[in-house]
Amino acid sequence: MLKTLRLSFALRNTYRVNAILYAVKQMPLLGRVIPGTVYQIRGFKIFANVVSVLWEIVSAFLGKYLYFLLMIGGALSLYGLPGEAAGQAFLHMLVFLSLAGMVLNTYMFNPTKDKYYAMILLGMDARGYTLVNFFYAVLKVLAGFALCALLFGLPLGCALWQCLLIPFFVAGLKLLMAAYALRDYERRKRVRNENNPTGPFWVFVALCLAAAYGLPFLDACLPAEASAAFLCAGILLGLLSLRRILTFPDYRLMYKELLAGAPLVTVQMGSEATAKVQREQSLKNISADSSITSGRKGFEYLNELFIRRHRKILWRSAKRIALAELAAAAGCLAAFRFVPEFRAGINELLVTSLPYFVFIMYFLNRGAGFTAALFMNCDHSLLTYPFYKKPGFILKLFQIRLREIVKVNLLPGAVMGAGLALLLFASGGTDSPLDYWILFMSVVSMSIFFSVHYLTLYYLLQPYNAGTELKSGTYKVITMATYLASWAMIQVKLPILLFGLLMIAFCILYCIAACLLVYRFAPKTFRLRM
Amino acid sequence: MKFVIEHLSKSYNGRQVLKDIDFAFEEGKIYGLLGRNGAGKTTLFNCLNGDLRTDGGSFYFEDGTGRRDAAPEDIGYVLSMPTVPEFMTAREFLKFFMDIHEVKEPKPLDEYFARMSIAPEDRDKLLKDYSHGMKNKMQMLIHIIAEPNLLLLDEPLTSLDVVVAEEMKGLLRSLKAGRITVFSTHIMDLALDLCDEIVLLSHGVLEKVDKSDLDRKEFKERILEALREEDHA
């Protein structure tokens, strides 16, 4: 067991060190200075090892700390509950969020690259490897949750024993879920990928989230005794689950199936196998409906066929998001009726915190997925033909695609804008009727901005190589900067009128600048990376 | 017409893959490009096709009227792994290409398919359902209609079945007039069968192998010897 643990660490550390060095080498300016032999240079390797070990330690605590801070602390601060009620709500939220987390994150059913390398490529003993690493992950959960539960629970008035039970409860739920999924595999030969939960799991998660955040609104938190019963039950069920986890005989077979089609793993294979699996996955997204045709010509013809044959992947999530937004708006309207304080909270949020929605629109925008589909199923092949690389043709297609990507993102953008304007009205409105229009237009502008942003990045940086791997360090840095800038907008508090006008003006200027840049540079930059 | 390469060089991570290459390819010939694994054949093709930036040097076409730089439409690059837009049918792809490309004397689409022995029942199938060989034929068809002055073929017959491979060889022979064809392969007999000239990419430079009075066996020996020298470099 110790040997397996040591080997697992060594393996994980090796690829993590190489990944760090690779990431440094991909940095826009730094990458040019660092030699190609960076993997052989002792100093660089020591630096990457230090970063890797620090990351291992920090990851055990930082993620949990942020989880407690944002998911529980943030929600509690919004509710503004007094002393004892806050402690009760803390335990209540933690119980239901842990139940949701149980189905989304067990470690065992996450098809990560370390498992692929160890069990498939290197042929390590699957059972030994899985058990050692699973229990190591559970230990990290225990350590991280113990610290955070004490840090957050005690000041809220939770008892020490309650705080100490929390990490064992969370670990118990992970054991329970792992055992359940193993049993399911034994019975139905169906392996579970926790990154791709099926419908019933999403319903379960939605119910848990609704219970975690909705019930405290209605002043219906679990009594402290009930929370304690949940904690004890979780621990007991976890202990009972141990037997199945320890005696399950088919880890190797199960992981072969789990790792065979997981996109996260295939991206990491870095070989012909990657291309093959990704290719198979992308081909599945093409509609075989023989009634799909187009009466257009040239690039409009190409575009129409592409959009119609990829309708499922291009439009499905946009439609789902729009539906979820409608449901959320309906939920808020219902809450206005039953909880009058909620009305005032939402009104204040909309009147002063419109910038917050930049961050939300960042997450809802389908620009990155749209450009990935364009590359995988269209440009990857056509960019090898000389006619496709003519400057005039590149720009013509850019115009068409700009129209399409804006259309796809406009659906959730417009629904969000209209929904927020409606909520503003229903929550008490504002003094200026203009605010409703500005609110709607600024959310639509955000949607257009992100659409233009992702397509422009795609045309100016073309981040994929011929093996369909994302290789551009500059692209990664800019997308990360986009995330950070969107996140920073959460802190900005501005009136609707001012922020809305600024947002609309920024969007117009950005679109003009982006189009000019694409017209100037894309004929040179829109190429296959070799 | 000639395609002239002058002082072309390219380095990767401090290793010079192409070293100051000077070479002239002549119209109407098929050149067999041979080299060890990692010699830089694909790098050379990628540089000529504009997919990789060169470190230095130039390449251009030269004819009776003077010289001119190579434009994208001058070069057709056929990859060993055929790439076709798999969300389209063969007929749709061909129609799209004919829409945007000025063809001198356009023919009905079925005539082009017949030339490549693509059966009528396959012409309206999605390209994702095509076999490797069929995709290769479709890729070649587009390049044939585009009529590039320089056709670069990177191991195009690898992994084709014998029937398709023979069809493609016949096709390449029929296409060689009026253009320059450069064909990279690891199969020496194929190169000797199909190509008019054998060019080695060795130590980062292009070098034509002189056939002069040698018979096939002696010629093969000479090529092998030259390639083995790479080990001693």
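Among the protein heavy atoms, those of A:Lys396 account for about 90 Å² of accessible surface (1.4 Å probe, every chain in place). For chain A, the membrane-span-like helices by this rule, meaning whole DSSP H stretches whose C-alpha atoms cover at least 24 Å of axis and whose Kyte-Doolittle mean is 0.0 or above, are A:2-26, A:42-66, A:83-104, A:126-153, A:160-188, A:224-247, A:311-338, A:391-426, A:434-461, A:496-525; this says nothing about an actual membrane.
For a test of the definition: using alpha carbon positions, the gyration tensor, and the 1.5 limit on a/c, classify chain A as rounded, prolate or oblate. Mind dumping the intermediate values first?
Details: a/c = 1.72, a/b = 1.11, b/c = 1.55.
Here chain A falls in the oblate category.
Classify region A:24-133: rounded, prolate or oblate, from the alpha-carbon gyration tensor (a ≥ b ≥ c, eigenvalue square roots; a/c under 1.5 rounded; otherwise prolate if a/b is larger than b/c)?
Since a/c reaches 1.5 but b/c is at least a/b, the shape of region A:24-133 is classed as oblate.
In this rough spin-label picture, where each label sits 7 Å from Cα along the Cβ direction, the A:Leu242-A:Asn465 distance is 4.6 nm.
The residues of chain A expose, per residue, 47 Å² of accessible area to a 1.4 Å probe. Between region A:309-376 and region A:1-72, the C-alpha centres lie 35 angstrom from each other.
Please compute how much accessible surface disappears when A pairs with B, both sides summed, using a 1.4 Å probe, and round it to the nearest 100 Å². Don't skip to the answer; put the middle values down first.
Numbers: alone 26590 and 11980 Å², together 35690 Å².
The buried area between A and B, both sides summed, comes to about 2900 Å².
The accessible area of B:Asp193, taken with all protein chains in place and a 1.4 Å probe, comes to roughly 80 Å². Residues of region A:304-323 buried by at least 40 Å² of accessible area upon assembly of all protein chains, compared with the chain on its own (1.4 Å probe): A:Arg309.
DSSP H helices in chain B with Cα extent of 27 Å or more along the helix axis and mean Kyte-Doolittle hydropathy at least 1.6?
Details: long enough: none.
Membrane-span-like by this criterion, though nothing is claimed about a membrane: none.
Helix content alone sets the calculated 222 nm mean residue ellipticity of chain B: runs of n ≥ 4 DSSP H residues at -39500 (n - 2.57) each, divided across all residues, give -10500 deg cm²/dmol. Classification of region B:78-233 by its C-alpha gyration tensor yields a prolate form. The axis ratio a/c (a ≥ b ≥ c) is 1.5 or more, and a/b outweighs b/c.
Calculate what fraction, in whole %, of the accessible area of the protein assembly as shown sits on carbon and sulfur atoms when a 1.4 Å probe is rolled over the protein chains. Show your work: numbers first, answer last.
Details: 22380 of 35690 Å².
Whole-percent figure for carbon plus sulfur exposure: 63.
If you average the C-alpha positions of region A:412-435 and of region B:192-225 separately, how far apart do those two centres end up, in angstrom? Centre-to-centre distance over Cα atoms comes out at 76 Å.
Find how many whole Å separate the alpha carbon centroid of region A:142-209 from the alpha carbon centroid of region A:382-410. Using only Cα atoms to place each centre, the spacing works out to 46 Å.
Based on protein heavy atoms only, chain B ends up with 45 Å² per residue of surface accessible to a 1.4 Å probe. Burial here means at least 40 square angstrom less accessible surface with every protein chain in place than with the chain by itself, probed at 1.4 Å; in region B:81-114 the buried residues are B:Thr83, B:Glu86, B:Phe87, B:Glu92, B:Lys95, B:Phe96, B:Asp99, B:Ile100. Residues of region A:372-406 that lose at least 40 Å² of accessible area (1.4 Å probe, protein heavy atoms only) when the other protein chains are present, relative to their chain alone, are A:Ser381, A:Thr384, A:Tyr385, A:Pro386, A:Phe387, A:Lys389, A:Lys390.
Only protein heavy atoms count here; on that basis, with a 1.4 Å probe, B:Ile100 has an accessible area of about 30 Å².
The values are calculated or read from the model by the stated rules, or taken from the named source; none is laboratory data. Keep in mind that this is a model prediction, so the values were computed, not measured. Positions of Cβ are generated from backbone atoms using ideal geometry, with glycine treated the same way; all protein chains shown enter the neighbour counts. These accessible areas exclude ligands, DNA and RNA; they are computed on the full protein's heavy atoms, side chains included. Shrake-Rupley method; radii C 1.70, N 1.55, O 1.52, S 1.80 Å.
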